[in-house]
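Peer 1: Have a look at this one before I ask anything.
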Amino acid sequence: MPSQVHRVQDNPLIRSFHHALEGVIYATRTQRNLRIHFVMGSFVAVGMLALRLQRVYVVLLIILIALIIAFELLNTAIEAVVDLLTVAHHPLAKIAKDTAAGAVLVMAIGATLVGYLIFYEGITAAGDRVYYALAAAPASLVFVTMTLVAIATIFGKAFSHHGSPLQGGFISGHASLAFAAATMLVLLAPMPLLALLAYFLAFLVAQSRVEGGIHSVTEVLLGGLLGSGVALGLFSLLHLLHR
């Protein structure tokens, strides 16, 4: 019976996602600006939840975050191609790199201005109850939590220099997301039986990664701690702000 790793390599669709994630992880490891964009995007995601922004604003901010990250990835790709095609410091190579970086800068400035206007309206509209979002938007809370866990997992894989996006790595992404979802479910609906079922399913996900030889026990344990920690931390933070 073929292993999970072989199935990933043999499936063209999964393989394409695998290579795409490898590109994201490489750029995260090597490009400081992309790491900054990821961190700032995480803060924006938390701010969207705290301010209870209207759906149209949330959609706009998500598009802007995705565009900035995509532009930074394209900039990294252009720099790699230029370095591949020329060894000497050619003026045209400098122009290509500078204009690509300029495109990212223009996009970032525009997104910053739009974000300022959106958050300014959100803050002034909410007044003293600006942080009253916990009970009103559990779906947004779960979405933001899973996004932050995914970003933290990418950072962990990027700097561990071990494994690849879908096969191994210092932190198990499957375990981190599974335990984050289980923790959020328990926090939003505190029922003993539900908690037992949620964590049992998360444990099965983690156990399957170990049994498939993709992760070690330590790696899935780190993933579980990361997912649960981010979920609990964000939930506690918003609860304190709500008070």
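Just so you know, all these numbers are worked out from the coordinates, no wet-lab data involved. Only a predicted model underlies this, so the values are computations on that prediction, with no experimental measurement involved. Here the Cβ is made from the backbone with ideal geometry for all residues, glycine too, and neighbour counts use every protein chain on show.
Peer 1: Got a sec to turn the phi values of the range 102-110 into Karplus ³J(HN,Hα) couplings, 6.51 cos²θ - 1.76 cosθ + 1.60 with θ = phi - 60°, whole Hz, x for Gly and Pro?
Peer 2: With coefficients 6.51, -1.76 and 1.60, one gets x, 4, 5, 5, 4, 4, 5, 5, x Hz.
Peer 1: Just flag the chymotrypsin sites (Phe, Trp or Tyr not before Pro) in the range 29-130 sitting in loop per DSSP whose Cβ has no more than 12 other Cβ atoms within 10 Å. Don't skip to the answer; put the middle values down first.
Peer 2: Working: sites: Phe38, Phe43, Tyr57, Phe71, Tyr116, Phe119, Tyr120; in loops: none.
Those that pass, being in a loop and sparsely packed, number zero.
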